[in-house]
Structures are given as C-alpha cells and as structure tokens.
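Read the structure below first, then the notes.
The values are calculated or read from the model by the stated rules, or taken from the named source; none is laboratory data. The shown structure was predicted, so the numbers you read here are calculated from the model rather than taken from an experiment. Positions of Cβ are backbone-derived with ideal geometry, glycine not excepted, and every protein chain shown enters the neighbour counts. SASA here: full protein model, heavy atoms, side chains in, ligands and nucleic acids out. Shrake-Rupley method; radii C 1.70, N 1.55, O 1.52, S 1.80 Å.
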Amino acid sequence: MDDIQDQISANELASFFHELADVAGRIARTHFRSSVDFERKQDLTPVTIADRTIEVELRRLIGARFPDHGILGEEMGSTPGDRYTWYLDPIDGTKSFISGMPLFGTLVALADERKGAVVAGMIDMPALAERWYGTSRGATFNGKPAKVSRTARLEDAQIYTSSPDFFTPQDWARYDILSKKAMFRRFGGDCYQYGLLASGHCDLVVETSLKSFDFMALIPVVEGAGGVIRDWDGRPLTPDSDGRVIAAANDSLLKQALSVLKQ
C-alpha cells in the first residue's frame with residue numbers, strides 16, 4: 001500500500017479530520033443535556049446513544065474514504081486493515097457528558113503501523129467549539145498555531161489529572177507526591193487538559209488507566225505544539241503501552257516529573 005501522503009495531501013487529510021469532528025460534534029450536541037439514558041458496559045463505565053451513534057458514523061465515513069484502513073474504536077472494537085489504523089473515542093469523558101459538564105471531547109487519530117507513528121490526531125470539544133489538530137508539522141487550535149508553555153521548573157508548573165479514582169493506591173501515592181511539588185494541581189478535564197497543555201495553559205498532565213483510543217490522538221497534538229508525551233518510564237507511547245501517561249511542556253519538566261514518579 002502506498003504511503004498516505006501519496007493518497008491524499010496534508011490539507012485534504014486535515015479537511016477530512018475536520019469533517020469527522022464536525023459530524024461527531026453535531027451528534028454529540030443533539031444529545032447533550034437532553035437527559036440521555038446510559039448503560040453500563042462490562043467494565044462498569046457508562047455508554048450512551050451518542051457514543052455509539054458517533055462511532056457508527058465515523059466508521060462509515062472512514063470506510064468510504066479509506067476502505068483498506070483498519071479502525072479501532074472504544075465502542076465497537078477493532079476492524080483489521082492493511083497499513084493504517086484509525087483510533088476513535090467518540091465521547092471521551094462520558095461521565096461529563098451525562099452530567100451536563102461540557103468538558104467531553106471526540107478523539108480521532110490516524111496511525112501508520114508500519115512506521116510506528118501517529119500521522120495526525122484531533123481533540124474536538126463540541127460543547128465548547130474548541131478543536132486541536134496535530135501532525136509532525138505542528139499543532140493548531142481553532143486553526144491557529146498552538147504552542148506549549150515555557151515553564152521549565154516543576155515548582156512553577158500547573159499539573160492536571162482527570163480523577164484520583166483512575167489510580168491504583170500505589171500510583172496515586174506517586175502522583176500525590178509529584179503534584180504537591182508543582183505550583184498547584186487541578187482535577188477533571190479528560191482529553192481537554194491535553195489541549196490546554198498544547199495551548200500553554202497548563203504544564204503537566206499525568207494519568208493512568210488510559211486505552212490506546214484515549215491517547216493516540218493526543219500524541220501529535222502535544223508533540224506538534226512542542227511538548228512531549230510518554231509513559232511513566234519515559235518511553236514513547238504505542239498502542240501496547242500500559243495506560244500510564246505523562247505529558248509535559250518540555251523535556252526538562254518531563255525529566256523532573258519522571259524522577260519523582262520513579263522514587
């Protein structure tokens with residue numbers, strides 16, 4: 001199979017990502033704050049009609065445009081492909097969605113499995129009309145360049161995580177020590193906090209229990225904005241990573257944070 005750049009230009013790929021986000025956003029807003037019912041999956045996490053409808057529609061659009069690409073989505077599992085795989089999280093932050101909190105998003109990533117690289121990724125926040133798109137060429141926020149902060153010292157950093165509930169007791173103890181060394185810590189946000197980091201509004205995000213569809217889209221957004229994103233051992237993220245993720249505005253902050261997490 002040809003390289004993706006031989007099939008579609010960078011502008012055409014970005015346009016397709018925006019099309020996917022627009023479609024997902026329309027569906028999400030239709031159901032948001034509408035007293036939508038939800039079910040519990042086997043892992044006890046909630047799922048709504050919005051999650052499922054978005055993934056069905058995104059799969060249809062991707063399959064029509066790239067029939068030989070694979071797709072891995074949160075709600076419908078994996079469809080094998082040739083060289084490329086799309087990673088979909090239709091509603092990242094379903095608990096926020098259910099409770100009327102606008103900090104939920106749609107995550108879309110395209111990975112080149114042969115090269116072990118994420119070609120492009122998007123964080124879309126449909127209730128906020130905010131969108132980040134990232135590639136190796138850079139990252140944008142609502143069409144304008146996104147850049148991480150220049151904070152270089154842990155004691156000056158603003159650190160985020162979604163919830164203490166996602167940590168094991170052992171990992172929470174490590175995060176608690178790290179976050180108390182920062183200037184201040186905040187909770188909540190799911191994928192939104194990585195967008196905030198990419199735009200320079202926070203400096204560190206540290207989480208556990210993430211799946212590949214939770215973090216693949218984050219990689220080109222964070223790195224395209226000049227930041228770094230790794231696992232807790234400092235290794236690049238792959239679909240097989242253990243779900244412990246750390247994103248930082250720069251290498252210096254990453255090293256300082258990792259040194260605390262490893263203690």
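For a quick check of your reading of the model, give me the residue pairs whose first member lies in region 51-73 and is touching a residue at least 12 places away in the same chain (Cβ under 8 Å) and of a type in the set (Val, Ile, Thr), whose second is part of a helix (DSSP H, G or I) and buried (at least 18 other Cβ atoms within 10 Å of the Cβ), with beta-carbon atoms closer than 7 Å and at least 6 apart or on different chains.
Matching pairs, first to second residue: 53/27; 54/24; 54/27; 54/28; 71/59; 71/62.
Among the residues of region 135-162, write down those that are crowded, with 21+ Cβ neighbours inside 10 Å, part of a loop (DSSP other than H, G, I, E, B) and of a type outside the set (Gly, Ala, Ser).
148, 151
Residue check, residue 244 against (1) open to solvent by less than 10 Å² (accessible area, probe 1.4 Å); (2) touching a residue at least 60 places away in the same chain (Cβ under 8 Å); (3) of a type outside the set (Val, Ile, Thr), all met but one. Which one?
(1)
So how many residues does region 209-257 have that are under 23 Å from residue 165 (Cβ atoms), over 15 Å from the mean Cα position of the chain (by Cα) and not in a loop (DSSP other than H, G, I, E, B)?
Number of matching residues: 1.
Would you say residue 93 is modelled with pLDDT under 95, open to solvent by less than 20 Å² (accessible area, probe 1.4 Å) and out of contact with any Lys or Arg (no Cβ under 7 Å at 6 or more places or on another chain)?
For residue 93, the condition - modelled with pLDDT under 95, open to solvent by less than 20 Å² (accessible area, probe 1.4 Å) and out of contact with any Lys or Arg (no Cβ under 7 Å at 6 or more places or on another chain) - is met.
Those residues that are part of a helix (DSSP H, G or I) and open to solvent by 50 Å² or more (accessible area, probe 1.4 Å), I need them from region 58-90; list them, please.
60, 64, 65 - these are the residues of region 58-90 that are part of a helix (DSSP H, G or I) and open to solvent by 50 Å² or more (accessible area, probe 1.4 Å).
I'd like to know if region 180-198 contains one or more residues that are assigned to a helix (DSSP H, G or I), free of Cβ contacts under 8 Å to residues at least 40 places away in the same chain and more than 24 Å from residue 144 (Cβ to Cβ).
Yes: region 180-198 contains one or more residues that are assigned to a helix (DSSP H, G or I), free of Cβ contacts under 8 Å to residues at least 40 places away in the same chain and more than 24 Å from residue 144 (Cβ to Cβ).
Restricting to region 214-239, what's the tally of residues that are closer than 25 Å to residue 70 by Cα, touching a residue at least 24 places away in the same chain (Cβ under 8 Å) and open to solvent by 30 Å² or more (accessible area, probe 1.4 Å)?
4
Restricting to region 194-204, name every residue that is open to solvent by less than 10 Å² (accessible area, probe 1.4 Å) and either at pLDDT below 95 or out of contact with any Ser or Thr (no Cβ under 7 Å at 6 or more places or on another chain) (or both).
Result: 194, 195, 197, 198, 202, 204.
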